[in-house]
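Trainee: Input: one structure, supplied below.
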Amino acid sequence: MLESWSFLDTVESNFRPLVVIELAKGTKEETIEWLTKRIVDKKADGGAQLLIKPLVTENGVENIYLVGASHLRLLLGAETVGLVKECSDHSMRTFTYSSRKTFKHFADDNHNFLTMAECQYIIKHELENLRAKDEKMIPGYPQAKLYPGKSIVRRLLTSGILVQIFPLHDGEELKKLSHSWYGQVKVGYQPLDDIRCYFGETIALYFGFLEYFTFALIPMAVIGIPYYVFAWEDYDKYVMFATFNLLWSTVILEVWKRICAILTYRWGTLLMKRQFEEPRPGFHGVLGINPVTGREEPVYSSIKRQLRIYLVSLPFVCLCLYFSLYVMMIYFDLEQWALDYHKENESNFSSLMLYVPSIIYAIVIEIMNRIYRYAAEFLTSWENHRLESSYQNHLILKVLVFNFLNCFASLFYIAFVLFDMKLLRQSLATLLITSQILNQFAESLLPYWLQKRYNRRMKKNMCSKKTDTDLSLAEQVNMEKEMGTYLGTFDDYLELFLQFGYVSLFSCVYPLAAVFAVLNNITEIYSDALKMCRVYKRPFAEPTANIGVWQLAFETMSVISVVTNCILIGMSPQVDALFPDSKVDLVLTVALVEHLLLAIKFIMAFVIPDKPRDIQVKLAKLEFESLEALKQQVRAFQMQL
């Protein structure tokens, strides 16, 4: 490995741009020279040993730079980040340069052994790990302080010197992917392996979950249609539907774990070792020594952080929850007004007015969710979490708690306080359909329309010479740098989480909820694919082995659905008639059934393995071989002594 680094050249005649670095306008020349030198310098000298050249446009050299790497450099980088590739014997192993010949499809002249997404991930990793040596500041910017071990790229970003870093699209590959993904309306599976090769595992896994969840909703939709058609007002017959709902919500989540394991094993991320997590870019504090790494880095008191969380963030969240409940009570006042108006007039217009309060409330819910999201991001950033994972966990917790109460509090109130099943059905239908329409418009249609307008304007302003390849590259970079930035799968998973709540919590009252969810998800697959390929910049690939904390969120929602459906079953006249004399016996029976169903649910989760048997065997075999190899190394070392 060390010998490989020493002879690796930093100049390659066939330069392939992979990543774009945009610096702020007016960035000082000494800063640019220092940064480009650090990027090109050899690893032994503290550099990244990558290739870089400025983007030349008709206006000359701008503060935009293209970064690439030689084929050998990328292979060595693949070993550094711990990429897992398929071997010739069809097993999955961590790639090492010394054993490169044992990997499937490897050849010295095969530059497609690593996908473009993997190459861009390697470059991002090397740039982020470009660290200060003895520099005290960014050259030309005395206020941008540095210390040994500080990430240079992160300091440039927080100082505003570096505007953005993003990976370039591959026009030909993107065209092929677009055609097979959303270019034609068809009934079939998504090209998940192609999505993974182009966008990485995190995004491919989201689309895999979206596809799986859509297929999992079909049994609920098929069963729900006859309930809607033949038993609309007969809530007694919904007992069976609610019982099926309980089993369904448990089984689909357990089966997903197995499918997720199959996908991530095939993609190699199930075997990837977790990287040591560095402090997030926004983390700040007094300079100190990390006891684990021994490097200098900011240190911030955990007591101060806890005080910020419990004395500021928690009261603010509680205040927002109270405000959400206050808005909910205003909604019920509007419902009563619409009902009184309908009783007085009894017209078609008054019948339509019955739906107006629910539509307005659904719009207000979406607005409040989005405003709260910005407030939650600000608060979580202000709490000054050291690690990105800790930041994400606290942010997700804040957002999930508020969104759950904001979206479902009115439904719980109608069901268990007002006991109005007709209003519950109407409110559930209106909230579900309105939120789906608003999300489709805000997340896909509006950004696509704005991007299309910008692209047309850019093409008119760009030089019309199409024969110059540099000019076409400049056009591509200038168009892509103005595209919106994809902020991750957070909002996409949140939308599915809320949809899962609408379907699992109260769908026995409104069986068509699953039908509308299926229709929405089919269009969601196409609209999300469109925005990934046409609306947003290409995001960096991020290896992942599962859907993370969202698995726990969905499982928590399924537990809550057991409780709500048991109570709905207990409230049905059919069950109520079995206990004409004692309501206490009814409550105790419902509680007993609820506990039994929860026990069955947890037993099913325990009995159904998270990984298929063949994958368990393969993982155990790899672990055994690793231990044997380690023993041999120890024996060889002892013999030398």
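Trainee: Output the residues belonging to segment 601-641 that are within 30 Å of residue 567 (Cβ to Cβ) and without any contact (Cβ under 8 Å) to a residue 60 or more places away in the chain. First the steps, then the outcome.
Mentor: Keep residues of segment 601-641 that are within 30 Å of residue 567 (Cβ to Cβ), which gives 601-608.
Once the filter is applied, which keeps residues that are within 30 Å of residue 567 (Cβ to Cβ) and without any contact (Cβ under 8 Å) to a residue 60 or more places away in the chain, segment 601-641 yields 602, 603, 606, 607.
Trainee: For residues in segment 459-479 being open to solvent by 10 Å² or more (accessible area, probe 1.4 Å) and at pLDDT 80 or above, which is farthest from residue 534 (Cα to Cα)? Don't jump to the end; show me each part of the working.
Mentor: Restricting attention to segment 459-479, the residues satisfying the condition of being open to solvent by 10 Å² or more (accessible area, probe 1.4 Å) are 459-473, 475-476, 478-479.
Subset that is at pLDDT 80 or above: 473, 475-476, 478-479.
Numbers: 473: 17, 475: 15, 476: 13, 478: 15, 479: 11 Å.
Ranking the qualifying residues of segment 459-479, first place goes to 473.
Trainee: Does residue 517 qualify as being modelled with pLDDT of 90 or more and in a loop (DSSP other than H, G, I, E, B)?
Mentor: Values: modelled with pLDDT of 90 or more: yes; in a loop (DSSP other than H, G, I, E, B): no.
So residue 517 does not fit the description; no.
Trainee: Scan segment 524-542 for residues that are surrounded by 21 or more Cβ atoms within 10 Å (Cβ to Cβ) and either touching a His at 6+ places or on another chain (Cβ under 8 Å) or closer than 25 Å to residue 390 by Cα (or both) and jot them down.
Mentor: Of everything in segment 524-542, those that are surrounded by 21 or more Cβ atoms within 10 Å (Cβ to Cβ) and either touching a His at 6+ places or on another chain (Cβ under 8 Å) or closer than 25 Å to residue 390 by Cα (or both) turn out to be 538, 541.
Trainee: On to the next question. Would you kindly identify the helices (runs of 4 or more DSSP H) lying entirely within segment 125-208 that contain at least 2 residues that are out of contact with any helix residue (DSSP H, G or I) (no Cβ under 8 Å at 6 or more places or on another chain)? Talk me through it step by step, then tell me what you get.
Mentor: Details: elements: 152-158, 171-181, 192-199.
Correct list: 152-158, 171-181.
Trainee: Take residue 37 and tell me if it is part of a helix (DSSP H, G or I), of a type outside the set (S, T, N, Q) and either modelled with pLDDT of 90 or more or assigned by the TED database to the domain that holds residue 117 (or both).
Mentor: Details: part of a helix (DSSP H, G or I): yes; of a type outside the set (S, T, N, Q): yes; either modelled with pLDDT of 90 or more or assigned by the TED database to the domain that holds residue 117 (or both): yes.
Judged against the criteria, residue 37 is a match.
Trainee: Moving to a separate point now. Please verify whether segment 482-492 includes one or more residues that are at pLDDT below 90, under 27 Å from residue 163 (Cβ atoms), open to solvent by 30 Å² or more (accessible area, probe 1.4 Å) and β-branched (Val, Ile, Thr).
Mentor: Yes, segment 482-492 contains at least one residue that is at pLDDT below 90, under 27 Å from residue 163 (Cβ atoms), open to solvent by 30 Å² or more (accessible area, probe 1.4 Å) and β-branched (Val, Ile, Thr).
Trainee: I've got another one for you. Checking residue 152 against (1) open to solvent by 30 Å² or more (accessible area, probe 1.4 Å); (2) closer than 30 Å to residue 291 by Cα, which single condition isn't satisfied?
Mentor: The number of the failed condition is (1).
Trainee: What do you reckon, is residue 301 of a type in the set (S, T, N, Q) and open to solvent by less than 40 Å² (accessible area, probe 1.4 Å)?
Mentor: Against the criterion (of a type in the set (S, T, N, Q) and open to solvent by less than 40 Å² (accessible area, probe 1.4 Å)), residue 301 does not qualify.
Trainee: Restricting segment 384-417 to residues that are in contact with a His (Cβ under 9 Å, 6 or more places away or on another chain) and not in a helix (DSSP H, G or I), which is surrounded by the most Cβ atoms within 10 Å (Cβ to Cβ)?
Mentor: My answer is 385.
Trainee: Search segment 6-26 for residues being at pLDDT 90 or above and in contact with a Gly (Cβ under 9 Å, 6 or more places away or on another chain), and hand back the single one that is surrounded by the fewest Cβ atoms within 10 Å (Cβ to Cβ).
Mentor: It comes out as 24.
Trainee: Out of 565, 521, which single residue is surrounded by 19 or more Cβ atoms within 10 Å (Cβ to Cβ), touching a Cys at 6+ places or on another chain (Cβ under 7 Å) and not basic (Lys, Arg)?
Mentor: Working: 521 fails: touching a Cys at 6+ places or on another chain (Cβ under 7 Å).
Checking each option against the conditions leaves just 565.
Trainee: Which one of the conditions (1) of a type in the set (A, V, I, L, M); (2) open to solvent by 30 Å² or more (accessible area, probe 1.4 Å); (3) more than 25 Å from residue 397 (Cβ to Cβ) does residue 560 fail to meet, given that it meets all the rest?
Mentor: For residue 560, the exception is condition (3).
Trainee: Counting only residues that are part of a loop (DSSP other than H, G, I, E, B) and modelled with pLDDT of 90 or more, which one in segment 49-69 is surrounded by the most Cβ atoms within 10 Å (Cβ to Cβ)?
Mentor: Start the filter on segment 49-69 by keeping residues that are part of a loop (DSSP other than H, G, I, E, B), which leaves 49-50, 58-59, 69.
Okay, now just the ones that are also modelled with pLDDT of 90 or more, so 49-50, 69.
On the way: 49: 21, 50: 25, 69: 27.
Applying the filter and picking the extreme gives 69.
Trainee: Any chance you could count how many residues in segment 520-551 are small (Gly, Ala, Ser) and part of a helix (DSSP H, G or I)? Before you say what the answer is, go through the steps one by one.
Mentor: From segment 520-551, those small (Gly, Ala, Ser) are 527, 529, 541, 545, 548; that's our starting set.
Now drop any that are not part of a helix (DSSP H, G or I), which leaves 527, 529.
Number of matching residues: 2.
Trainee: Could you list all residues from segment 605-641 that are modelled with pLDDT under 80 and not in a helix (DSSP H, G or I)?
Mentor: Hit for segment 605-641 is 641, nothing else.
Trainee: Could you go through segment 339-347 and let me know if any residue there is without any contact (Cβ under 8 Å) to a residue 12 or more places away in the chain and of a type in the set (Gly, Ala, Ser). Reasoning before the result, please.
Mentor: Our first condition is that a residue be without any contact (Cβ under 8 Å) to a residue 12 or more places away in the chain; within segment 339-347, this holds for 340, 343-347.
Remaining after also requiring of a type in the set (Gly, Ala, Ser): 347.
Yes, the conditions are met somewhere in segment 339-347.
Trainee: Yes or no: residue 381 among the hydroxyl-bearing types (Ser, Thr, Tyr), open to solvent by less than 60 Å² (accessible area, probe 1.4 Å) and closer than 22 Å to residue 567 by Cβ?
Mentor: Details: among the hydroxyl-bearing types (Ser, Thr, Tyr): yes; open to solvent by less than 60 Å² (accessible area, probe 1.4 Å): yes; closer than 22 Å to residue 567 by Cβ: no.
So residue 381 does not fit the description; no.
Trainee: Please go through segment 70-86 and give me each residue that is open to solvent by less than 20 Å² (accessible area, probe 1.4 Å), assigned to a helix (DSSP H, G or I) and modelled with pLDDT of 90 or more, ordered by number. Show your work before the answer.
Mentor: Going through segment 70-86, the residues open to solvent by less than 20 Å² (accessible area, probe 1.4 Å) turn out to be 70, 73-78, 81-84.
Keeping just the survivors that are assigned to a helix (DSSP H, G or I) gives 73-78, 81.
If the condition is that a residue be open to solvent by less than 20 Å² (accessible area, probe 1.4 Å), assigned to a helix (DSSP H, G or I) and modelled with pLDDT of 90 or more, then 73, 74, 75, 76, 77, 78 are the ones that fit.
Trainee: Kindly check whether there is at least one residue in segment 106-122 that is open to solvent by 40 Å² or more (accessible area, probe 1.4 Å) and over 30 Å from residue 619 (Cα atoms).
Mentor: Within segment 106-122, one or more residues are open to solvent by 40 Å² or more (accessible area, probe 1.4 Å) and over 30 Å from residue 619 (Cα atoms).
Trainee: Just to be sure, is residue 301 of a type in the set (Gly, Ala, Ser), farther than 30 Å from residue 614 by Cβ and at pLDDT 90 or above? Talk me through it step by step, then tell me what you get.
Mentor: Working: of a type in the set (Gly, Ala, Ser): yes; farther than 30 Å from residue 614 by Cβ: yes; at pLDDT 90 or above: no.
It is false that residue 301 is of a type in the set (Gly, Ala, Ser), farther than 30 Å from residue 614 by Cβ and at pLDDT 90 or above.
Per-residue answers, yes or no, for (1) acidic (Asp, Glu); (2) open to solvent by 100 Å² or more (accessible area, probe 1.4 Å):
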site	(1), (2)
314	no, no
323	no, yes
329	no, no
332	no, no
337	no, yes
344	yes, yes
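Trainee: Let me ask something else. From 199, 209, 213, 166, grab the single residue that is more than 30 Å from residue 21 (Cα to Cα), buried (at least 22 other Cβ atoms within 10 Å of the Cβ) and under 20 Å from the mean Cα position of the chain (by Cα). Walk me through it before giving the result.
Mentor: Values: 199 fails: more than 30 Å from residue 21 (Cα to Cα); 213 fails: buried (at least 22 other Cβ atoms within 10 Å of the Cβ); 166 fails: more than 30 Å from residue 21 (Cα to Cα).
Unique residue meeting the criteria: 209.
Trainee: So which residues in segment 418-430 are within 19 Å of residue 338 (Cβ to Cβ) and either open to solvent by 10 Å² or more (accessible area, probe 1.4 Å) or of a type outside the set (A, V, I, L, M) (or both)?
Mentor: Residues of segment 418-430 within 19 Å of residue 338 (Cβ to Cβ): 418, 420-430.
Within segment 418-430, 418, 420, 421, 422, 423, 425, 426, 427, 429, 430 qualify.
Trainee: Name, by its number, the condition in (1) part of a helix (DSSP H, G or I); (2) within 16 Å of residue 528 (Cβ to Cβ) that does not hold for residue 229.
Mentor: Going through the list (1) part of a helix (DSSP H, G or I); (2) within 16 Å of residue 528 (Cβ to Cβ), residue 229 breaks only (2).
Trainee: Search segment 134-149 for residues being of a type in the set (D, E, K, R) and within 18 Å of residue 45 (Cβ to Cβ), and hand back the single one that is least open to solvent (accessible area, probe 1.4 Å). Step through it out loud before you land on a result.
Mentor: First pass over segment 134-149, keeping only residues of a type in the set (D, E, K, R): 134-136, 145.
Imposing the further condition that a residue be within 18 Å of residue 45 (Cβ to Cβ) reduces the set to 134-135.
Values: 134: 118, 135: 30 Å².
Filtering first and then ranking leaves 135.
The values are calculated or read from the model by the stated rules, or taken from the named source; none is laboratory data. Because the structure is predicted, anything quoted here is derived from the model rather than measured. Glycine gets a Cβ as well: all are built from the backbone with ideal geometry, and neighbour counts include every protein chain shown. What goes into the accessible areas is simple: the full protein's heavy atoms, side chains included, and nothing from ligands, DNA or RNA. Shrake-Rupley method; radii C 1.70, N 1.55, O 1.52, S 1.80 Å.
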